[in-house]
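One structure below.
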Amino acid sequence: EKVPVSIEINGKAHKLSVEPRTTLLDLLREQLDLTGTKKGCDYGQCGACTVHVNGKRVNSCLTLAVMTHGKKVTTIEGLANGDQLHPMQEAFIKHDGFQCGYCTPGQIMSAVACVREGHANSEAEIREYMSGNICRCGAYPNIVNAIMEVKE
Ligand code: FES
């Protein structure tokens, strides 16, 4: 049986009806067509599904949609300000912080949280904070450089 939920997603209020077992990831991708958030492993191991809930990063594959009732969700689609990319998006482009790009939305959502939460003070600290975001192409050094630049 479906449950009614109200969630603010990227600044827009949504009244939705979801199955209790539906993850936030599946809600975003399948009901709302917000496919920027990626499904890698679907069990909390890769970080491709990272979004922000009330400003904190979460793995959306481990978050039930019903748990975000009354909360604010931000996805990669909500980061830019109109035509203007978020500084972290600009920095990823400038520093080649991706190759295939599959992990990039999750990397960027974690990177924004990293700076916002004050964990971008050294390369080691950034690598530790970002360790839940896996990149099979190995773009890690460039991702760290992008984060360092935004932090300054
Ligand atoms: Fe959520 Fe991999 S898809 S952590």
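Brief remarks on what is shown
- Output for the range 26-50, where each listed residue is closer than 13 Å to Gly132 by Cβ and either assigned to a loop (DSSP other than H, G, I, E, B) or more than 9 Å from the ligand (Cβ to nearest atom) (or both): Gly40, Cys41, Tyr43, Gly44, Gln45, Cys46, Gly47, Ala48, Cys49
- The residue pairs whose first member lies in the range 50-65 and is closer than 14 Å to Glu117 by Cβ, whose second member is within 7 Å of the ligand (Cβ to nearest atom) and hydroxyl-bearing (Ser, Thr, Tyr), and whose beta carbons are closer than 8 Å, counting only pairs six or more residues apart or on different chains, are Thr50/Ser60.
- Enumeration of residues in the range 127-143 that are in a helix (DSSP H, G or I) and surrounded by 14 or more Cβ atoms within 10 Å (Cβ to Cβ): Arg127, Tyr129, Met130, Gly132, Tyr140, Asn142, Ile143
- Complete set of residues in the range 51-79 that are closer than 24 Å to Tyr140 by Cβ and part of a loop (DSSP other than H, G, I, E, B): Thr75, Leu79
- Test result for Gly11, touching a Gly at 6+ places or on another chain (Cβ under 7 Å), exposed (fewer than 14 other Cβ atoms within 10 Å of the Cβ) and more than 18 Å from Gly132 (Cα to Cα): yes
- Test: residue in the range 14-23 that is within 14 Å of the ligand (Cβ to nearest atom), in contact (Cβ under 8 Å) with a residue 40 or more places away in the chain and among the hydrophobic types (A, V, I, L, M, F, W, C): no
- Options Ala124, Ala146; residue that is at pLDDT 95 or above, surrounded by 14 or more Cβ atoms within 10 Å (Cβ to Cβ), of a type in the set (A, V, I, L, M, F, W, C) and not assigned by TED's automatic domain parsing to the domain that holds Gly36: Ala146
The values are calculated or read from the model by the stated rules, or taken from the named source; none is laboratory data. All values derive from a computational prediction rather than experimental measurement. Ideal geometry is used to build each Cβ from the backbone, glycine not excepted, and the neighbour counts take in all protein chains shown.
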